[in-house]
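Below is one structure; the comments refer to it alone.
Laboratory data are not the source of any read-out in this text; all were calculated from the coordinates shown. Small disclaimer: the values here were computed from a predicted structure and weren't measured. Note that each Cβ is placed from the backbone with ideal geometry, even for glycine, and that neighbours are counted across all protein chains shown.
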2 protein chains.
Amino acid sequence: MSVKIGLLGFGTVASGIPFLLKENAEKIQQAAQDTIEIAKVLVRDDAEKERLEAAGHDYYFVTNVDEILADEDIQIVVELMGRIEPAKTFISCALEAGKHVVTANKDLLAVHGSELRILAEKNNVALYYEAAVAGGIPILRTLSNSLVSDKVTRILGVLNGTSNFMMTKMVDEGWTYEEALKTAQELGYAESDPTNDVEGIDAAYKAVILSQFGFGMTIDFDNVEHKGISTISPDDVAVAQELGYVIKLVGDIRETASGLSAEVSPTFLPKQHPLASVNGVMNAVFVESIGIGQSMYYGPGAGQKPTAASVTADIIRIVRRLKDETVGKAFNEFSRPLQIAAPSDVRSEYYFSILAPDKNGTLLQLAEIFNAEEISFKQILQQASDGEQAHLVVVTHSMSKTQLERVTSTLAEAADFMLQNTFKVLGE
Amino acid sequence: MSVKIGLLGFGTVASGIPFLLKENAEKIQQAAQDTIEIAKVLVRDDAEKERLEAAGHDYYFVTNVDEILADEDIQIVVELMGRIEPAKTFISCALEAGKHVVTANKDLLAVHGSELRILAEKNNVALYYEAAVAGGIPILRTLSNSLVSDKVTRILGVLNGTSNFMMTKMVDEGWTYEEALKTAQELGYAESDPTNDVEGIDAAYKAVILSQFGFGMTIDFDNVEHKGISTISPDDVAVAQELGYVIKLVGDIRETASGLSAEVSPTFLPKQHPLASVNGVMNAVFVESIGIGQSMYYGPGAGQKPTAASVTADIIRIVRRLKDETVGKAFNEFSRPLQIAAPSDVRSEYYFSILAPDKNGTLLQLAEIFNAEEISFKQILQQASDGEQAHLVVVTHSMSKTQLERVTSTLAEAADFMLQNTFKVLGE
């Protein structure tokens, strides 16, 4: 007797699951100690059902979710519809019906994860979502199983393939943001409204989930400051290269003395940093911890088969736990009270790109502004002036978010200076 | 009531375990659902015991292993002595006494792993060894848990920190092999007899274990062809760079139509390959699979705390399984009959470094030798001659091991050619 699963949605990722179940049948049977059968598949409407049937898919398609929820033979529901609703309602109902749930829905988990996890616990069922962060990279299970002995102090991640593809083109080929976006859209990497990808929202969702697994803290999405790549100019890219850095959109979660800080922002990475060579649509999660030290987990952040591989691994794990009668265990058991870091504890080096009049005393005036906030310079670069305006680039030594806010507002008030961009710089 | 463990050996790694148990007490308690206590520690003799006590270690030191093996309160034995004997005997006795065993002993597992695993299974106890491959990188658990849904087709690994440190210096700084070895020995990375590290033996041990987890096949150590870095000349390094490659000692396990091929050899990696930027003593395992595609796991290959983190994760896993009453489960459940690849199925591009007389027709003659074996050239480089001898470098298109053997012996017989080195080249 096989374990029966119900799929909610049959898009690209979902159709990768039967591929893996078939190709790896023997290995999966050994690991799960049972066979896995796709019993029913929920599709949108009769039109989609007919289209899929015409394409040769011979699943038991249903258009009403109740046919899956009320089916006592189905033990596992796999949600692959995306977005918040109706996914949230369907998952909630499935958990309440005593079914185990696997999903790749990061938006939903980042925003309503606590609620769903409580529901799963109450009903003693599993809620697994390895595919929600960094697609094919098994980072969540690694954090909760293998790094269980270790204390994670910082997680840095290239978590969004679309923006990383764009940044790679902007860095390697000198493309503008607009050129990179256009190509990303043509290749199907970016949606027509690219906001979630390019403004760091998608990466911030993932940072919420990584915070739970890495630090045991459930932060709100609103606690994750996010800044996108749309303001990065070819000038910023060129200066970064000149100074020995590569710019990438990086999620950064770290524990300070006062608590947790999580943010997503364009970041100057030293060229030798392992994250600096993560290119194209690939993702990577770089972990700093007191035991292992530095480790990195690299792979595709999205795509049919990589995501299906993570989803199927979750399904196999549940089937095996059903056999072992240990299925209620939470995906992540690490939990501590949430403490948010004080801005004065969150320290980084920063890059400032500033336009200023090309006259005597400008640099002195700038130095005085930074000095007043006790911020010291690590690198200064003055670019060729057009005769009127000079372009000044400053990389500071480590400074706090509090200092950053103050110096930024002072610069905004100073008549002579026009602050063009400020980005975080990862120290070596 | 806590779970009691006995340590066999109290060297560098062992002393990292209490550090992690203390620093992460709360997290470990959540994951293990119990506390973990180091009940007894086996040391060599009274002199070592006195030395450790004088250094402030207040463990219950014993000098006779029976005090641990006969202690019914000790449920887990952690072996950190290294080498084959007496580790093998002690582990066997522990398994037979119904104790779960954690070890980092790759030599032992590569050579006597099957025997020990059978013993563990017979006694329904766990035998875990995450730290045996790539120290701090949780690659074994990742292969057996997260990649359970996937079919691995190839594993490439930088698996030996010492030789990678040396290769990094030879590539980045232009050091000779001898200079790199001397520094590695001074820094304590290489032993006075460096054979295991530099000749690829240590990496071959790890390839044996990776073959089990990645491909379900238990190959013999003797089935892993290994070739070390001692013959690599500064010339080879320079030519590799000129052609766009980085030379590293790489373990390569892949499944061909006829079976599994596993070998360790100096390999030309394209500069953009993720393994090419794994430098110094760091290790990385690069996995190709039909689902995820390409993924890489990067981290420290050795060292006190990284190794202790892996060992402690194994201990925690066992303690939790004791609670869940699922503790007999094998570390790796993936198992298939062993099939060794036919040499004619094992294909790679190859680099040939050849000395030949600087006269008319030499290149033609060389081309004829390769052509006779149906091997075609991808890149040819003729270096400035000293007037008598020309240095010819050839990178071939993909060819089999059978072809490699044939062409190598033809070249050895040809009076005009002196084959200096042959290395595998990883295609792009």
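Enter the mean projected area of the convex hull around the alpha-carbon atoms of segment B:60-140, in nm², rounded to one decimal.
Result: a mean projected hull area of 5.4 nm².
Quick one: if you stick a label point 7 Å off each Cα along the C-beta vector at B:Arg44 and A:Ala367, how many nm between them?
The answer from the label model is 6.0 nm.
Place a label point 7 angstrom from the Cα of A:Ile290 along the Cα-to-Cβ direction, then list the residues of segment A:241-259 whose backbone nitrogen is under 15 Å away.
Residues A:255-259 qualify, since their backbone N sits under 15 Å from the label point.
Would you be so kind as to identify which of A:Leu20, A:Gln33, A:Phe61 lies farthest towards the positive end of the dipole of segment A:5-75, taking Lys and Arg as +1 and Asp and Glu as -1 on Cβ and the Cα centre as origin?
Towards the positive end, the residue furthest out is A:Leu20.
Straight distance only, please: which lysines reach the Cα of B:Lys49 with their own Cα at less than 19 Å, same-chain residues fewer than 8 apart left out?
Answer for B:Lys49, where 19 Å is the Cα cut-off: B:Lys40, listed by chain and number.
Segment B:179-206 to segment A:71-114: how many Å between their Cα centroids?
Centre-to-centre distance over Cα atoms comes out at 52 Å.
Convert 4 °C to kelvin, take the viscosity as 1.567 mPa s, use the Kirkwood radius over C-alpha pairs of the protein assembly as shown as Rh, and evaluate the Stokes-Einstein diffusion coefficient in µm²/s, rounded to a whole number.
44
Could you work out how far the C-alpha centroid of segment A:4-65 sits from that of segment B:251-329, in angstrom?
Cα centroid of segment A:4-65 versus Cα centroid of segment B:251-329: 31 Å apart.
Just how large is the dipole of chain A about the Cα centre, in debye to the nearest 20, putting +1 at every Lys and Arg Cβ and -1 at every Asp and Glu Cβ?
Approximately 1280 debye in magnitude.
Taking the Cα centre as origin and putting +1 on Lys and Arg beta-carbons and -1 on Asp and Glu beta-carbons, what dipole magnitude results for segment B:345-425, to the nearest 20 debye?
Using only the charged Cβ atoms, the result is roughly 280 debye.
What's the extension gain from B:His397 to B:Leu187 if we count 0.36 nm per residue and subtract their Cα-Cα distance?
Stretched out fully, the B:His397 to B:Leu187 stretch lengthens by 71.6 nm.
In Å and on Cα atoms, what radius of gyration and Dmax does segment A:1-60 show?
12.6, 38
Provide Rg and Dmax in Å for segment B:345-425, with only Cα atoms included in the calculation.
My reading of the Cα-based Rg and Dmax gives 12.0, 41 Å.
Give the average, rounded to an integer, of partner chain Cβ atoms located within 10 angstrom of each Cβ in A:296-306.
Other-chain Cβ atoms within 10 Å of each residue's Cβ, averaged: 5.
Over all directions, how big on average is the projection of the convex hull of the alpha-carbon atoms in segment A:139-300, in square nanometres?
Spelled out: convex hull of the Cα atoms, projected over all directions, averaged, 9.4 nm².
Along Cα→Cβ at 7 Å, what distances in nm separate the A:Asp386 label point from those on the other copies, shortest first?
6.0
Going 7 Å from the Cα of B:Thr408 toward and past its Cβ, which residues in segment B:235-267 have a backbone nitrogen under 15 Å from where you end up?
Correct set: B:262-267.
Restricting attention to the alpha-carbon atoms of chain A, what are Rg (one decimal) and Dmax (integer), both in Å?
24.1, 84
With a 10 Å cut-off between alpha carbons and a GNM built on chain A, which of A:Ala126, A:Ala180, A:Ala415 moves the most?
Maximum fluctuation in the GNM of chain A, among the listed residues, is at A:Ala415.
List the aspartates and glutamates whose alpha-carbon lies under 19 Å from that of B:Lys329, not counting same-chain residues fewer than 8 positions away?
By straight Cα distance, B:Lys329 reaches A:Glu26, A:Asp34, A:Asp314, A:Asp324, A:Glu325, B:Glu96, B:Glu115, B:Glu121, B:Glu130, B:Asp314.
For B:Lys323 paired with B:Thr231, estimate the spin-label separation in nm (one decimal), with each label point 7 Å from Cα along the Cα-to-Cβ line.
So the two model labels end up 5.4 nm from each other.
If you put a point 7 Å past Cα along the Cβ direction, how far is that point for A:Pro343 from the same point in each other copy, in nm, smallest first?
7.0
Using a basic spin-label model with each label point 7 Å from the Cα along Cα→Cβ, how many nm lie between B:Val62 and B:Thr176?
5.3
With no solvent and one equal point scatterer per Cα, compute the Debye intensity ratio I(q)/I(0) for segment A:248-342 at 0.10, 0.11, 0.17, 0.21 Å⁻¹ and report its log10, rounded to two decimals.
Each listed q corresponds, in turn, to -0.44, -0.53, -1.07, -1.19.
Using the Kirkwood radius over Cα pairs, work out the Stokes-Einstein diffusion coefficient for segment B:146-230 at 4 °C and 1.567 mPa s, in µm²/s as a whole number.
Approximately 92 µm²/s, per Stokes-Einstein.
Tell me the mean residue ellipticity at 222 nm calculated for chain B from its helices only (DSSP H runs of n ≥ 4, each -39500 (n - 2.57), averaged over every residue, nearest 500).
Only helices count here, giving -11500 deg cm²/dmol.
Loop only by DSSP, 16 or fewer other Cβ within 10 Å of the Cβ. Give me the trypsin sites (Lys or Arg not before Pro) in segment B:187-296 that pass, ordered by residue number.
B:Lys271
Measuring nothing but label to label, 7 Å from Cα along Cα→Cβ, what are A:His57's distances to the other copies in nm, shortest first?
Ordered by distance, the counterparts are at 6.0 nm.
How high is the relative contact order of chain A? Use alpha-carbon pairs under 8 Å, at least six apart in sequence, and give a whole percent.
17
Taking chain A as a Gaussian network, Cα atoms linked when under 10 Å apart, which of A:Val311, A:Val65, A:Val198 shows the biggest mean-square fluctuation?
A:Val65
How large is the charge dipole for the protein assembly as shown, taken about the Cα centre, if only the Cβ atoms of Lys, Arg (+1) and Asp, Glu (-1) carry charge, to the nearest 20 debye?
Dipole size: approximately 1300 debye.
In the structure shown, do any of B:Lys206/B:Lys378; B:Lys248/B:Lys271; B:Lys182/B:Lys248 have a Cα-Cα gap over 22 Å, and if so which?
Distance filter (> 22 Å) returns B:Lys206/B:Lys378.
Over segment B:90-129, what per residue volume does the convex hull of the Cα atoms give, in whole Å³?
52
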